[in-house]
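Student: The structure that follows is given in the form of structure tokens.
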Amino acid sequence: MISVKNVTLAYGKRVLFDEVNINFMKGNCYGVIGANGAGKSTFLKILSGEIEPNKGSVEITKGERMSFLKQNQFEFDEHTVLNTVLMGHKKMWEVMHEKDAIYMKEDFTEADGIRAGELEAEFGEMGGYTAESDAGTMLGHLGITDDMHYSLMKDIPSNMKVRVLLAQALFGNPDILLLDEPTNGLDIETIGWLENFLAEYENVVLVVSHDRHFLDQVCTHVADVDRSKIKVFTGNYSFWYESSQLAARQANDKNKKTEEKRQALMDFIARFSANASKSKQATSRKKALEKLTIEEIEPSNRRYPGIIFQPQREVGNQILNVENLSKSIDGNKLFDKLNFSVNKGDKIAFLSRNPLAVTTFFEIINGNAEADGGKFEWGTTITKAYLPIENGEFFKEGLNLMDWLRQFVPPHVTDADEPFLRGFLGKMLFSGDDIAKKTNVLSGGEKVRCMVSRMMLQNPNLVVLDQPTNHLDLESIQSFNEGCNTFPGVVLLTSHDHTFMQTVANRIIELTPKGIIDRLMTFDEYLADARVKELRQEMYS
């Protein structure tokens, strides 16, 4: 168990945490959520001891070991991959080096022999004799092949370093596991393995993540960081979100009787409790929900942006035709022989084992890059809005938000006065003096929200979204997701957010060096389809 007692942390006048008191219990996985800047990562650093609070304390049960996913990719550059993982169990690593040092002594004494025996026993109790094998197995699950195990960390790609650091955190079955964005840099298959690993984990886990599907799969509880406090709620992220929304609607419904509201909430709990029986953490989550009282369900204090794309006109029959499109970069073939047409009602999720393939394809069809061969053609009725993965070029001039948005007013808009533009900025939670902010000092999330304001201003009937959830908090991601679900036009997207892909897309296109795989099905159906799995092997071999 880990106990947080009266923890307070402030930087100047800014109070991140004020008298926080929580106990995190064994057998539970807590998803730590909150708006960008609320202090989620800082809270994990307080728990790990990396940051000292101004007041209060963090206590863990005596004898328990804590592990924290490290973010510094260069910290272990001079160590091998395998040793970096073994160092995750600090005590075992120290014992191993102490006993090895004793055995290397030339003047080995009787006292050395006694001490070596003690260390051997301690080493064995910690699983030291199978440690290298266990570490190698975990690396394999995370996609680190055997030939990398004895490479120095400085010699492997950065996306592999992230996986090694994750293996380090998970190694040795720690009693308390702290994970900050553990799915970053992982592919679909590896995320699936991590979900299964954590769902079966029997100790304390706290995880910060913007991946809603991941939170839903692994969490039994949500720790909500809001207004300098942290409240713990039973259930996964979807349960927290839907219950808080329901409670907010109930609170606003003045005419509904108290007993009717109570019954609606009880029915809601019962439904989610039944659904929990199908999850990987069936037993613990179902029991937790069954114990939940109505009083625990509260409206959220969060503000959600309004992301609503309103087409000026409906798409025609000709939307986008792609013929024999191919592209290579530095001799590496990203995709070849792309042939497909986009149809009315399509919401297409694009994917590839090489993320650069999808980004390059989106850049080509938006006129920002050239293909090596083939062609594409947009229909004459199409008004498109594009959210690129990199947006730096849009924010070089340092304009205020109002002047920045004004430069993107389309020709069909004739009354783009200040109240009109304020409306689009306001939907993305820029209000009051925010519009005087200079764009060159905006955070990553604020820049994305500006870009979405720009997109809505275009009144598009087709949107192209390259990693739309990057830099956004869960509230913005949720709103973006719902905006795409209700959008009557065409959506072309790629995202690391599993829920976004699953709930928006009705068609999947995978770009490979040998052509495409094109299926009219959901993302989950695509991943589970046996024939698709065979095709993927063929296309990448």
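The values are calculated or read from the model by the stated rules, or taken from the named source; none is laboratory data. What you are looking at is a predicted structure, and each value in this text was computed from that prediction instead of being measured. So basically every Cβ, Gly included, is an ideal-geometry build from the backbone, and we count neighbours across all protein chains shown. Ligands, DNA and RNA are excluded from the accessible area calculation, which covers all protein heavy atoms including side chains. Shrake-Rupley method; radii C 1.70, N 1.55, O 1.52, S 1.80 Å.
Student: I'm trying to understand the selection: among the residues of segment 368-404, which are outside any strand (DSSP E or B), open to solvent by 30 Å² or more (accessible area, probe 1.4 Å) and closer than 30 Å to residue 432 by Cα?
Tutor: Correct list: 389, 390, 392, 393, 394, 396, 397, 399, 403.
Student: From the list 416, 369, which one is out of contact with any Leu (no Cβ under 9 Å at 6 or more places or on another chain) and among the aliphatic types (A, V, I, L, M)? Give the steps one after another, and end with the answer.
Tutor: Values: 416 fails: out of contact with any Leu (no Cβ under 9 Å at 6 or more places or on another chain).
Unique residue meeting the criteria: 369.
Yes/no matrix, rows are residues, columns are (1) modelled with pLDDT of 95 or more; (2) touching a Pro at 6+ places or on another chain (Cβ under 6 Å):
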position: 7; (1), (2): yes, yes
position: 14; (1), (2): no, no
position: 23; (1), (2): yes, no
position: 28; (1), (2): no, no
position: 47; (1), (2): yes, no
position: 56; (1), (2): yes, no
position: 61; (1), (2): no, no
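Student: If you don't mind, there's one more thing I want to ask. Need at least 3 residues that are buried (at least 22 other Cβ atoms within 10 Å of the Cβ) per element, so show me which strands (runs of 3 or more DSSP E) inside segment 438-528 make the cut, counting only ones lying wholly within it.
Tutor: Working: elements: 462-466, 490-494, 507-512, 515-519.
Qualifying strands (runs of 3 or more DSSP E): 462-466, 490-494, 507-512.
Student: Taking the condition touching a residue at least 12 places away in the same chain (Cβ under 8 Å), under 22 Å from residue 527 (Cα atoms) and either open to solvent by 10 Å² or more (accessible area, probe 1.4 Å) or basic (Lys, Arg) (or both), does residue 187 pass? Walk me through it before giving the result.
Tutor: Details: touching a residue at least 12 places away in the same chain (Cβ under 8 Å): yes; under 22 Å from residue 527 (Cα atoms): yes; either open to solvent by 10 Å² or more (accessible area, probe 1.4 Å) or basic (Lys, Arg) (or both): yes.
Considered against the rule, which asks whether it is touching a residue at least 12 places away in the same chain (Cβ under 8 Å), under 22 Å from residue 527 (Cα atoms) and either open to solvent by 10 Å² or more (accessible area, probe 1.4 Å) or basic (Lys, Arg) (or both), residue 187 comes out as yes.
Student: How many residues does segment 152-183 contain that are of a type in the set (Asp, Glu) and under 13 Å from residue 73 (Cα atoms)? Explain how you work it out, then say what you get.
Tutor: Filtering segment 152-183 down to residues of a type in the set (Asp, Glu) leaves 155, 175, 180-181.
Pick out the ones that are also under 13 Å from residue 73 (Cα atoms) and you get 155.
Residues meeting the conditions: 1.
Student: Hey, among the residues in segment 154-180 that are of a type in the set (D, E, K, R) and in contact with a helix residue (DSSP H, G or I) (Cβ under 8 Å, 6 or more places away or on another chain), which one's farthest from residue 473 (Cα to Cα)? First the steps, then the outcome.
Tutor: Filtering segment 154-180 for residues of a type in the set (D, E, K, R) gives 154-155, 161, 163, 175, 180.
Still in the running and in contact with a helix residue (DSSP H, G or I) (Cβ under 8 Å, 6 or more places away or on another chain): 161, 163, 180.
Values: 161: 25, 163: 23, 180: 14 Å.
Among residues in segment 154-180 that are of a type in the set (D, E, K, R) and in contact with a helix residue (DSSP H, G or I) (Cβ under 8 Å, 6 or more places away or on another chain), the one farthest from residue 473 (Cα to Cα) is 161.
Student: While we're looking at this one, here's another question. Quick one: residue 20 ticks every box in (1) open to solvent by 40 Å² or more (accessible area, probe 1.4 Å); (2) more than 29 Å from residue 86 (Cβ to Cβ); (3) in contact (Cβ under 8 Å) with a residue 12 or more places away in the chain bar one, so which box is it?
Tutor: All conditions pass for residue 20, except number (1).
Student: Within the set of pairs 6+ apart or on separate chains, which have a first residue in segment 139-162 that is under 25 Å from residue 196 (Cβ atoms) and in contact (Cβ under 8 Å) with a residue 24 or more places away in the chain, a second that is open to solvent by 70 Å² or more (accessible area, probe 1.4 Å) and in a loop (DSSP other than H, G, I, E, B), and C-beta atoms under 7 Å apart?
Tutor: 162/184
Student: Among the residues of segment 314-332, which ones are out of contact with any Gly (no Cβ under 9 Å at 6 or more places or on another chain) and open to solvent by 50 Å² or more (accessible area, probe 1.4 Å)? Don't jump to the end; show me each part of the working.
Tutor: Within segment 314-332, the subset out of contact with any Gly (no Cβ under 9 Å at 6 or more places or on another chain) is 328-332.
Result: 329, 330, 331, 332.
Student: Looking for something at pLDDT below 95, surrounded by 21 or more Cβ atoms within 10 Å (Cβ to Cβ) and outside any helix (DSSP H, G or I) - is there at least one such residue anywhere in segment 172-179?
Tutor: Yes, some residue in segment 172-179 is at pLDDT below 95, surrounded by 21 or more Cβ atoms within 10 Å (Cβ to Cβ) and outside any helix (DSSP H, G or I).
Student: Okay, next question. Look at segment 169-209 and say how many of its residues are closer than 21 Å to residue 48 by Cβ and β-branched (Val, Ile, Thr).
Tutor: Total satisfying the criteria: 6.
Student: On to the next question. For residues that are among the acidic types (Asp, Glu) and touching a residue at least 40 places away in the same chain (Cβ under 8 Å), scanning just segment 53-101, find the one that is most open to solvent (accessible area, probe 1.4 Å).
Tutor: First pass over segment 53-101, keeping only residues among the acidic types (Asp, Glu): 59, 64, 75, 77-78, 94, 98, 100.
Remaining after also requiring touching a residue at least 40 places away in the same chain (Cβ under 8 Å): 59, 64, 77-78.
Working: 59: 85, 64: 51, 77: 29, 78: 123 Å².
Checked segment 53-101; the qualifying residue most open to solvent (accessible area, probe 1.4 Å) is 78.
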